[in-house]
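Right, one structure below, let's go through it.
The values are calculated or read from the model by the stated rules, or taken from the named source; none is laboratory data. Computed from a prediction, not measured in an experiment: that's the story for all the values here. Please note: Cβ atoms are built from the backbone with ideal geometry, for glycine as well, and neighbour counts cover all protein chains shown.
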Protein chains: 2
Amino acid sequence: MAVTIKDVARKAGVSISTVSRVINESKPVSPEARRKVIKAIDELGYRPNEIARSLVTKKSNVIGVIVDDIGSSYVAQIVRGIEEVGHMYNYDILLCSTYGDKEAEERFTQLLLQKQVAAIILLSEIYNEEVISYLKYASIPFVYLNKYYNVLESPTVRINNYLASKKVMDYLIKCGHKNIAYVTQEKDIELTVEKHKLQAYKDSMNELKQPQTIYKIDGHTITKGYEFGKKIEKDIRTNKITAVFCCDDEIAIGLINYCYDNDIKVPDAVSIVGYGNISIASYIRPKLTTIMEPYYDIGAVSVRKLSKILNNEKPEEETIELPVQLIVRDSVKDLDI
Amino acid sequence: MAVTIKDVARKAGVSISTVSRVINESKPVSPEARRKVIKAIDELGYRPNEIARSLVTKKSNVIGVIVDDIGSSYVAQIVRGIEEVGHMYNYDILLCSTYGDKEAEERFTQLLLQKQVAAIILLSEIYNEEVISYLKYASIPFVYLNKYYNVLESPTVRINNYLASKKVMDYLIKCGHKNIAYVTQEKDIELTVEKHKLQAYKDSMNELKQPQTIYKIDGHTITKGYEFGKKIEKDIRTNKITAVFCCDDEIAIGLINYCYDNDIKVPDAVSIVGYGNISIASYIRPKLTTIMEPYYDIGAVSVRKLSKILNNEKPEEETIELPVQLIVRDSVKDLDI
DNA sequence: ATGAAAGCGCTAACAT
DNA sequence: ATGTTAGCGCTTTCAT
């Protein structure tokens, strides 16, 4: 049987209140009593039961984290930020993965609520307004993270996608590219960040007075990017385009692999830029030039935001925007050289 | 204020016991009362407080998971297995990362114990006997996972590293390679799985009646593998070796990248084999031939093992060995063709 | 400074 | 079948 506060009290010859006071340093205790209590705790190897504790305090110092798939590398990086900074603020992490299941998001939200988590971070990849309404209704502090969709008004931490895409376009143009293609997504452009990224592309091409070449693909995987290679191959070989700006690192990497397998030299025959800076980006060859989404920081800032709310500090703006950086590597050729 | 079992009882006009009975289906309840209770639960949006529940039942259906770094891809895969199968068995996951800190392993173990987790899965990369002793002393069901070290006797799920290495060597030899090098680790060979992997290499080379070429490097990162390229470059160019068996995918990938950057064709100039099958392995070019460590399954089987223990089912063998597979891709050349 | 006692929300005897 | 009650391990009034 686990040792309880009673055992400590008995052994120390004091009341359980006194024991409670010394472990919480909540009220003054005589040095004499404190000494005895500490001794008893030591000898018995006593550790307060956090469950009992949070039942009475109604606080849990647990943050519920619902992600799409912890096996996904950017998700793991965000969770790393949540976890590491969370522990600095003394929060523990209760983790659930939904694997894109809409119902699971709501089910896990309920579950976490039942577990009395102090706050929730929901990292989603789908469009799901209900879960946000539910979260608001449950009036639990939360942060909603979604790489793709702009869902409702909700507290979130993200980057400015328009500015990020502009950065890419400016760089490509600086490198002398004129025939630049953009690879976007087929679905829900109006609802997703693609809306802003695409706008940045269009604005840039207009300024450049060049025709737009827009490809749409369905999905964010390396495999999809690879398959996409077949579609774009001709346009590359005929020099209709000299640079491809992919909405996703995965797609860019798939495309690079397709080029490698089909003897199209990157960046000599075609320049490729990604978006995200997932970890593989620097390991494939050529190394991928891309926009760095600060995943770790997104996680870190999310916890910090929640921590502030939980401590009733001054409420922040709902949306926090983090700076982005263009990571210049080897997948873009400077045509002026 | 959250709605409690009392509110439901009052609203339904029954006692709290009756409410408890219907939500737990623990004892028969008249259809009439059940109906009223369910109605009240619905109307109030009541959800039982899991904290209160586990305080009295002394069960928590939470599994504490301590990992080295959730940002590491194989770790994320194991956690994915734990998480997904865990939820099937109705367990939630409380996650902590140690980042290789020995003290953190023990601190988090204590923390999880205080949180009354039902069991612990410890995924470590260091040698730390104390934490195992502590886990045993705390008499909590646990599984100890360590990719590198063979630490003490402890319940674990792993692969047979000798057999896995043998598989690689057999394949390399089948492909006509004779001058095969093995890249192992500098540190703690006797304490780690390298002991068995190296033995398999030696046995194979002896059978082949070929001299052994063993390199030692310190670390498991892609960067280390890249740096190692400089050391081995001459031996490749002089054809002293035609194939390199790396103890780690990361090292193999680093080496492949070094070769790419220095115009050494893989696999034409040198064949390279990895170990682990991390996700990047199939995305780099050439695709890496490697041993697949079934990370997801290791996580999945670990939970299943714990679940059995927690349900007092027949105790299993302490060590579970999972099958390995050689994934043949493009980084090995068949010399006979 | 300390102890007694109430009570957090719930389950599980124990009664009826 | 249902209600009453004790108590899980703890914090926190409220007395003293």
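Could you identify the single residue in A:Y201, A:Y215 that is touching a Phe, Trp or Tyr at 6+ places or on another chain (Cβ under 8 Å), hydroxyl-bearing (S, T, Y) and crowded, with 20+ Cβ neighbours inside 10 Å?
Numbers: A:Y215 fails: crowded, with 20+ Cβ neighbours inside 10 Å.
Criteria check complete, one pass: A:Y201.
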Quick one: B:I38 ticks every box in (1) within 11 Å of chain A (Cβ to nearest Cβ); (2) assigned to a helix (DSSP H, G or I); (3) among the β-branched types (V, I, T) bar one, so which box is it?
(1)
A:S72 vs (1) in contact with a Leu (Cβ under 9 Å, 6 or more places away or on another chain); (2) farther than 23 Å from B:A104 by Cα; (3) away from DNA strand C (no atom under 16 Å from the Cβ): all pass except (1)
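Does A:N262 qualify as being within 20 Å of A:S72 (Cα to Cα), within 14 Å of chain B (Cβ to nearest Cβ) and surrounded by fewer than 24 Cβ atoms within 10 Å (Cβ to Cβ)? If you could, list the steps in order and put the result at the bottom.
Details: within 20 Å of A:S72 (Cα to Cα): no; within 14 Å of chain B (Cβ to nearest Cβ): yes; surrounded by fewer than 24 Cβ atoms within 10 Å (Cβ to Cβ): yes.
In short, no.
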If you check A:V143, A:V117, which single one turns out to be β-branched (V, I, T), over 19 Å from the mean Cα position of the chain (by Cα) and under 25 Å from A:D297 (Cβ atoms)?
A:V117
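Listed here are the residues, each with its yes/no results for (1) under 30 Å from B:V19 (Cα atoms); (2) in contact with a His (Cβ under 9 Å, 6 or more places away or on another chain); (3) within 16 Å of DNA strand D (Cβ to nearest atom); (4) assigned by TED's automatic domain parsing to the domain that holds B:A12.
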| residue | (1), (2), (3), (4) |
| --- | --- |
| B:I41 | yes, no, yes, yes |
| B:L44 | yes, no, no, yes |
| B:P48 | yes, no, yes, yes |
| B:S97 | no, yes, no, no |
| B:P141 | no, no, no, no |
| B:N146 | no, no, no, no |
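Scanning the range B:70-82 for residues that are part of a loop (DSSP other than H, G, I, E, B) and facing chain A (nearest Cβ under 7 Å), which turns out surrounded by the fewest Cβ atoms within 10 Å (Cβ to Cβ)?
To start, the set of residues in the range B:70-82 that are part of a loop (DSSP other than H, G, I, E, B) comprises B:70-72.
Restricting the remaining residues to those that are facing chain A (nearest Cβ under 7 Å) gives B:70-71.
On the way: B:I70: 28, B:G71: 23.
Checked the range B:70-82; the qualifying residue surrounded by the fewest Cβ atoms within 10 Å (Cβ to Cβ) is B:G71.
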Hey, does the range B:55-78 have a residue that's charged (D, E, K, R) and within 16 Å of DNA strand D (Cβ to nearest atom)?
yes
Determine which single condition A:Y182 fails, assuming it passes every other condition in (1) within 22 Å of the chain's Cα centre (by Cα); (2) in a strand (DSSP E or B).
(1)
Given (1) under 41 Å from the mean Cα position of the chain (by Cα); (2) in a helix (DSSP H, G or I); (3) within 13 Å of DNA strand D (Cβ to nearest atom), B:I23 misses just (3)
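What do you reckon, is A:E130 more than 9 Å from every other protein chain (Cβ to nearest Cβ), touching a Phe, Trp or Tyr at 6+ places or on another chain (Cβ under 8 Å), at negative phi and assigned to a helix (DSSP H, G or I)?
Working: more than 9 Å from every other protein chain (Cβ to nearest Cβ): yes; touching a Phe, Trp or Tyr at 6+ places or on another chain (Cβ under 8 Å): no; at negative phi: yes; assigned to a helix (DSSP H, G or I): yes.
The answer is no for A:E130.
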If we keep only residues of the range A:41-59 that are part of a helix (DSSP H, G or I), more than 7 Å from chain B (Cβ to nearest Cβ) and touching a residue at least 24 places away in the same chain (Cβ under 8 Å), then the residue surrounded by the most Cβ atoms within 10 Å (Cβ to Cβ) is A:I41
Is it the case that A:L95 is touching a Gly at 6+ places or on another chain (Cβ under 9 Å), surrounded by fewer than 23 Cβ atoms within 10 Å (Cβ to Cβ), within 20 Å of B:V117 (Cβ to Cβ) and facing another protein chain (nearest Cβ under 9 Å)?
no
